[in-house]
Each structure stands twice: as C-alpha cells, then as structure tokens.
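Undergrad: My questions will all concern the structure given below.
The values are calculated or read from the model by the stated rules, or taken from the named source; none is laboratory data. The structure displayed is predicted, hence computed values, not measured ones. With ideal geometry, Cβ positions are generated from the backbone for all residues, glycine too; neighbour counts draw on all protein chains shown.
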Amino acid sequence: MRPRKISDREILKIAKACVLKEGPSVSTKFIAQRVGVSQATLFKRFGSKEFLIREALMLPVEEHRIFDVLNELPDFEDPKEQFIRIAKHMTEFFNDMVPCFSMMHSAGIFPVAPQNTKKPELDNQTEGRKALQRWLCELQEKRIVRPDIDCEVMSVVLLGAFQSLAFRKHVLYDNEFVCSDDDFLNEIVDFFWKGLMSSERESLTQSDVTSTTELCTTVHFNCEYSEAKKSEILKIQSQKEDQ
C-alpha cells in the first residue's frame, strides 16, 4: 500500500503546533519527524524554514476569514445582534492569532509574504477592517450609528478592543485578570454599543458622564474580580451603607 500523501495544509497545521509549543527555534528535523516526512520534503515543499514558519503561523488569518463573516451578515438581523456576532468572531480570531504574531515577532519574521508570492489571506485581513468600516457606515446611513463617528477610526478602535483580552493572555500572561471570554465580550459590546448609538449624538451632559463612569466601573468590577471577591466587596459596601 502506498503511503498517504500529506497535504501542505496538514503540514502547516502540525508545524504551527510545533512552533507554538517549542518556540520559533524549533528545528525542521523536529517538525519533519512530527509530520512523518523527511527534512528534504519540507524544503522541497516550502523552500526555507522561515517561509514554512510564516505560512504555518499565518493559518488563522485564512481559517477565520474575517472578511467573509462580515459580508455574510443577514440583513434582517438586529444591528446589535450583528455586532455581537462580529465581536465573537473577532475574539476567536485574535485568541488564535495573537500567539502566532508573538512567535513571528520573536523569530524576527514579518507577517508579509515575499514580493513574488500573492497572499490572498493577507488581503483578507485588510479587507476585514474595511468590511467592518463599511458595516459601521451602513448603520450610520440608517441613522443607527451617530453621524459624528469616524467609521474608519472606529473600525480600528474596535479591532484593538477585541484583541486586548488575547493580548493580556498570550503576551502579558496576566493571570490575575479573572474574566471569561463571554463576560469580557458582553461588557465590550454593551460599552461600545451605547456610545455608537445615534441617540447619544448630543454632547455629553453631566448625567451622561456619570453614566459612562458607572459603566466603566461595571466593566472593571465584572472582569477584574472572581465571584468570591465580588461577594466580599458587595458585603463590605452593604455594611458601610447600613452604618
């Protein structure tokens, strides 16, 4: 029986796992052993170790297809539900992608393909930001989003917010930040949605400032502390009020 021919994609998935576990200095010999092929086969398929690692660590960009998700949002869906759908997909993408970017940075590899190689997934990454911008502009035209919002700037701000939790996990290793992905996501969505809605287009009044401050405090409270710590804080606050 002839041995099964392994696809480039399967090789890249195994190589990605090897790099994330062993670090960017992992040898091609180690990767080849895990794949079940010779080093010569790896170099024949990918040309160099740097190209192999770049291709492997850029897999999440192709797999999550941000651009496609944004373009396939159902028109009949409530805009806030669309926002939640976008936020969930973006969070999943960054949870997968941030460790890969970190490894590429450690290896001195830039997530840019050689000039003579067309990389549609890199175009997809850029188009994802543009698609998010278009979605905001469409809501702005429908008077759902405030008219004074710069949709291009806001698309970048939102992407930064969505990747912040993954950054704290995989780059800062902030284990003291106790918050589930779902809780973090819900707080982010509520916070930004209230700021984007057209009903908030007037200049902030003092009550608006107070409301925003309370919202920020809620985000910090819900995400920063464990359930036991929350109960302890609420108990102390209750005792102070009784006094």
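Undergrad: Which one of these is under 17 Å from L12 (Cα atoms), charged (D, E, K, R) and at pLDDT below 90: E63, E50? Give the steps one after another, and end with the answer.
TA: Details: E50 fails: at pLDDT below 90.
When all the criteria are applied, what remains is E63.
Undergrad: Does A17 fit the bill of being touching a Lys or Arg at 6+ places or on another chain (Cβ under 7 Å) and either without any contact (Cβ under 8 Å) to a residue 12 or more places away in the chain or closer than 30 Å to R85 by Cα (or both)? Write out each step before concluding.
TA: Numbers: touching a Lys or Arg at 6+ places or on another chain (Cβ under 7 Å): no; either without any contact (Cβ under 8 Å) to a residue 12 or more places away in the chain or closer than 30 Å to R85 by Cα (or both): yes.
It is false that A17 is touching a Lys or Arg at 6+ places or on another chain (Cβ under 7 Å) and either without any contact (Cβ under 8 Å) to a residue 12 or more places away in the chain or closer than 30 Å to R85 by Cα (or both).
Undergrad: If you don't mind, another one. What do you reckon, is K13 more than 29 Å from the chain's Cα centre (by Cα) and not in a loop (DSSP other than H, G, I, E, B)?
TA: no
Undergrad: Also: Please work out which residue is farthest from E138 (Cα to Cα), limiting yourself to the stretch 44-67 and to residues that are over 15 Å from the mean Cα position of the chain (by Cα), in contact (Cβ under 8 Å) with a residue 24 or more places away in the chain and surrounded by fewer than 20 Cβ atoms within 10 Å (Cβ to Cβ).
TA: R45
Undergrad: Another question about this same structure. For C151, which of the numbered conditions (1) of a type outside the set (F, W, Y); (2) closer than 26 Å to L20 by Cβ; (3) free of Cβ contacts under 8 Å to residues at least 24 places away in the same chain; (4) crowded, with 16+ Cβ neighbours inside 10 Å fails to hold?
TA: It fails just one condition, (2).
Undergrad: Then there is this: F83 - would you say it is assigned by TED's automatic domain parsing to the domain that holds E141, surrounded by 13 or more Cβ atoms within 10 Å (Cβ to Cβ), closer than 24 Å to Q133 by Cα and at pLDDT 90 or above?
TA: Taking the combined requirement at face value, the residue satisfies it.
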